[in-house]
1. Can you send over the carbon and sulfur percentage of the accessible area for region 4-222, probe radius 1.4 Å, protein chains only?
2. Between R119 and K24, what FRET efficiency comes out of the Förster formula 1/(1 + (r/R0)^6) with R0 = 25 Å and r the beta carbon distance, rounded to 0.05?
3. Specify which residue in the list L161, G174, Q94 is farthest towards the positive end of the charge dipole of the chain, using unit charges on the beta carbon of Lys, Arg (+1) and Asp, Glu (-1), about the Cα centre.
4. Divide by every residue of the chain the summed helix terms, -39500 (n - 2.57) for each DSSP H run of at least 4, and state the resulting mean residue ellipticity at 222 nm, rounded to the nearest 500 deg cm²/dmol.
5. Give the whole-number value, in cubic angstrom per residue, of the convex hull volume spanned by the C-alpha atoms of region 4-222.
6. Find how many whole Å separate the alpha carbon centroid of region 205-237 from the alpha carbon centroid of region 75-131.
7. How high is the relative contact order of the chain, in percent, counting Cα pairs under 8 Å that sit 6 or more residues apart?
8. At what distance in nm do the modelled label points of E66 and S218 sit from each other, each positioned 7 Å from its Cα along Cα→Cβ?
Amino acid sequence: MARTVLVTGGNRGIGLAIAQAFLKQGDRVAITHRGSWDPAIAPEIFAVTCDITDGEAVEAAFAAIEAELGPVEVLVANAGITDDTLLMRMSEDQFTRVVDTNLTGAWRCAKRATTKMVRGRFGRMIFISSVIGLYGGAGQVNYAASKAGLVGIARSITRELGTRNVTANVVAPGFIDTDMTAALPEARKAEILKAIPAGRLASADEVAGVCTFLAGDSAGYISGAVIPVDGGLGMGH
Ligand code: NDP
């Protein structure tokens, strides 16, 4: 059955791969983007401008998507940023900005999606976290805190809405080949590769496949789970 799917930050990277995977299986797909979006990439995608740190922009984006495609049944909270630096150098603004985007931004979207999901007796929320959320990362106190917080959000939603056929799960990617990891220094990349049992980075499609699975009928009894897509990097966490 075709669903209405929203992927935040779906204009590039992992988000775009997720949007395209849902599109490929016949769903109605909306993305939010802050920067540019080239409709030639996928003309079927309904793209809305939205900065998820702005509650009014989130409200307007949902209203536009509902008018065009109907209520959001599958939310993939993917938009995220990093702003790495050691704790002793991290400004409060660097901490707050990352948390406001990665954690509060996801919360804004989840809250807005909830009423319609409950009313429709169907909802799938998927939060894109990171291996760093549970593993930690030197220079990533802000990012790790924001990504760990998503586990608390998903598990609380699971307890609140479990009886309403709304599931909430966390996908925790390891190192994926995107702009975010391309920005890492080569020496750091080599160090990371050594630590990954799979010995390679993943493609964004490998994250997307887990998202379509979690949104599908066969995953209806999976909720509050943290699913790693990390080649074994975070094992045991
Ligand atoms: P990219 O940097 O390639 O893309 C980030 C996306 O988030 C962009 O679409 C960007 O939009 C959007 N975004 C950022 N800030 C905002 C905002 N305030 N409002 C709306 N949209 C925003 O990242 P990836 O594709 O690599 O990462 C996607 C998600 O996966 C992130 O949450 C990231 O933390 C997570 N992740 C990534 C890993 C990796 O190895 N790449 C590993 C683990 C987790 P715009 O184009 O407008 O800037």
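The values are calculated or read from the model by the stated rules, or taken from the named source; none is laboratory data. Note that the structure is predicted; figures quoted are calculated from it, not measured. Cβ coordinates were reconstructed from backbone atoms using ideal geometry, including for glycine residues, and neighbour counts include every protein chain displayed. The accessibility values were calculated without ligands, DNA or RNA, using every heavy atom of the protein model including side chains. Shrake-Rupley method; radii C 1.70, N 1.55, O 1.52, S 1.80 Å.
1. The computed percentage sits at 53.
2. 0.35
3. L161
4. Value at 222 nm, helices only, nearest 500: -13500 deg cm²/dmol.
5. Expressed per residue, the convex hull around the Cα atoms of region 4-222 is 125 Å³.
6. 17 Å
7. 20 percent
8. 3.3 nm
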